[in-house]
Amino acid sequence: MATGRLGLGETLGALNAALGQGGPVWFKETRARHLRARDFLAPRRALQARFGDQQVPEPVVTAVAGLQGPGVAPVLRCAPTPAGLALQLRRPAVFERVLSSVAAYAAPAAPAAPGPRVVLHCAALRGAPCTLRLSQLRAILVADHLARALRARGVTVRLVPAARDPHMRTFLQQLRVEWPAASERAATEALRSRALAEHTSAHDGEVLPPGILGRVCLKELVEKQGRLAGYDPNLDSCLVTEDLLSLLAELQEAVQNWPEDSSPGVAGTPDPGTDSCIVVHVVSCEEEFQQQKLDLLWCKLDDQAPLRQKHLVCGPVKVAGGPGTLTVPEYYELRLAQVCKASALKHGGDLAQDPAWTEIFGILSVATIKFEMLSTAPQSQLLLTLADSSVSTKGTKSGTFVMYNCARLATLFESYNHSMEQGLYPTFPRVSSLDFSLLQDEGEWLLLFNSILPFPDMLSQTAALAYTAPGLHITAHTEMVCKFLVQLSMDFSSYYNRVHVLGEPRPHLFGQMFARLQLLRAVREVLHAGLAMLGLPPLNHI
């Protein structure tokens, strides 16, 4: 049997290459009704643009049908249809390849080349939780999620600023956000001297407000950088404070002093220095103007400031039918109260007083918040609905729904283990002895083809940042993991409600049961890996 991880990217690349020169034509099917007949399709119109009104040459169809190569899924058949060229994989072989090496599909695909080291700066963490706006909370969660995705792909990431406020550190722990705590303050003397020199040369005699060290002109830098880069043309000057210098010194230290064993990616290590790293400022839309000032001030005061600074600007957060002044702590307490209320209605009693449930309620509250904040592309406006339905396990879009299905999976395997200990089922056989041709239900192929197989590529896309693209702004795809986990949970829930996985304890049924359990083991691994990208632990019960 062939070995090595199958990849959707590799398969699509090989399919497109088999059609000859030109742009990509093939796409992967995702809908159940289409997957009953095919797995990939080259649409008829795209083929006509490539080959004219003539049919696809027979040698090309033969080449596609016999496609092989590293990471390429084995092909069963390729045939012309009214919709285009349809291709179906050898599904039992794909099941066997994937489910025989589950761990390989619960991690991101290896990058083709090492990327730069990344400094992630989140300006919202400079204050206290009580002062945070919802858009700033969104920026914090995006930065944390992006850091996890980058690190999972082998990228070295440093996080700035350190959380100095003790209440902020406690709140970040509640949110399961991994962020460095306060460290020794970096030296600011050189930056202060430069700032004072800039102020003296341009603003002699100016009376400054209390707490202001000087005013530094930025207009020349804005014109030099060019408005096309994305800087606001209204940027004129920046009032320099000790806090601002302290933050710049922290950024300066982060880009100049990397751990000795740090590397940009799994493939290699670049030369140290500011040229081998990129600074990504994750900011709310309200903070962007001030952040642009900080960028230019850094360039003005530090000749070694990194040339590559990018802004990931998170869109505004609006509350539907609620107070426009809802604070972040109030939002958290609201979700926690709703989770406790929903659990009390489901299980009865006041579970909030039970220590065993306290942690579960905290996890469910954070899951609700993170899925709300991260399921929308960070650049877009986010509309929050505060109704109790947002925490219901019956609503298929919520973090609670995902955690509920995580618990259902745990219960399934607990039931199997308990029945095995009672002698109803045999011990789990070697995976190599399983017959995956017994997986005939369309829901089983849906789980493998739409969830397990694409997971590594999806994680890689989440961590993909266009470092070299022109302009100041950068986009990220931090919504992908949440959307993926919601769809996975929907597909699993539909399958689990319809198929009795743990069947009658009869020997002739064990083969199919074990094949199904191995498939759901893979679903569990992928689900847990996806939750880890959000800082959420799996739950065994809800």
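The values are calculated or read from the model by the stated rules, or taken from the named source; none is laboratory data. None of the values given here were measured: they were computed from a predicted structure. So basically every Cβ, Gly included, is an ideal-geometry build from the backbone, and we count neighbours across all protein chains shown. Only protein heavy atoms, including side chains, enter the accessible area calculation; ligands, DNA and RNA are left aside. Shrake-Rupley method; radii C 1.70, N 1.55, O 1.52, S 1.80 Å.
What angle do you read, to the nearest 10 degrees and between 0 and 90, between the alpha-carbon axis of helix 399-421 and the longest principal axis of the chain? With rounding to tens, the tilt is 40 degrees. Ranking His121, Ser135, Ser460 by how far each Cα lies toward the positive end of the dipole of the chain (charges on Cβ) leaves Ser460 at the top. Ranked by the mean number of other Cβ atoms within 10 Å of their residues, highest first, the peptides 32-42, 502-512 come out as 32-42, 502-512. Between helix 242-256 and the chain there is an angle of about 50 degrees, using the helix long axis and the longest principal axis of the Cα atoms.
For the chain, which whole-number percentage of the solvent-accessible area (1.4 Å probe, protein heavy atoms only) is attributable to carbon and sulfur atoms?
It is 53 percent, rounded to a whole number.
Per residue, the chain reaches -14000 deg cm²/dmol at 222 nm when only DSSP H runs of four or more residues are counted, each adding -39500 (n - 2.57). Highest mean packing comes first when the peptides 122-129, 4-11 are listed by Cβ atoms within 10 Å, giving 122-129, 4-11.
The mean sequence separation of alpha-carbon pairs under 8 Å and at least six residues apart, normalised by the residue count of the chain, gives a relative contact order of 18 percent. Which angle between 0 and 90 degrees, to the nearest 10, do you get for helix 328-347 versus the longest principal axis of the chain when only C-alpha atoms count? With rounding to tens, the tilt is 30 degrees.
Just the number please: accessible area per residue for the stretch 111-161, 1.4 Å probe, all protein chains included, in Å².
25
Per residue, the stretch 8-89 exposes 55 Å² of accessible surface when a 1.4 Å probe is rolled over the protein heavy atoms with every protein chain present. The charge dipole of the stretch 1-160, taken about its Cα centre with unit charges on the Cβ of Lys, Arg, Asp and Glu (plus for the first two, minus for the last two), comes to roughly 580 debye. Protection proxy ranking for 211-217, 363-369, using the average of other Cβ atoms within 10 Å per residue and placing the highest first: 363-369, 211-217.
Between the stretch 401-422 and the stretch 136-185, how far is it from one alpha carbon centroid to the other, in angstrom? Answer, in whole Å: 33. Note on the chain: with charges restricted to the Cβ of Lys and Arg (+1) and Asp and Glu (-1), its dipole about the Cα centre is near 1820 debye.
Take a quick pass over the chain and tell me how many lysine pairs come in under 19 angstrom between Cα atoms, counting only ones 8 or more apart or on separate chains. Close lysine pairs found across the chain: 17. Farthest towards the positive end of the charge dipole of the chain, among the residues Trp26, Leu539, Leu175, is the Cα of Trp26, using unit charges on the Cβ of Lys, Arg, Asp and Glu.
Multiplying the residue separation of Arg31 and Ser432 by 0.36 nm and subtracting their alpha-carbon distance yields 141.4 nm.
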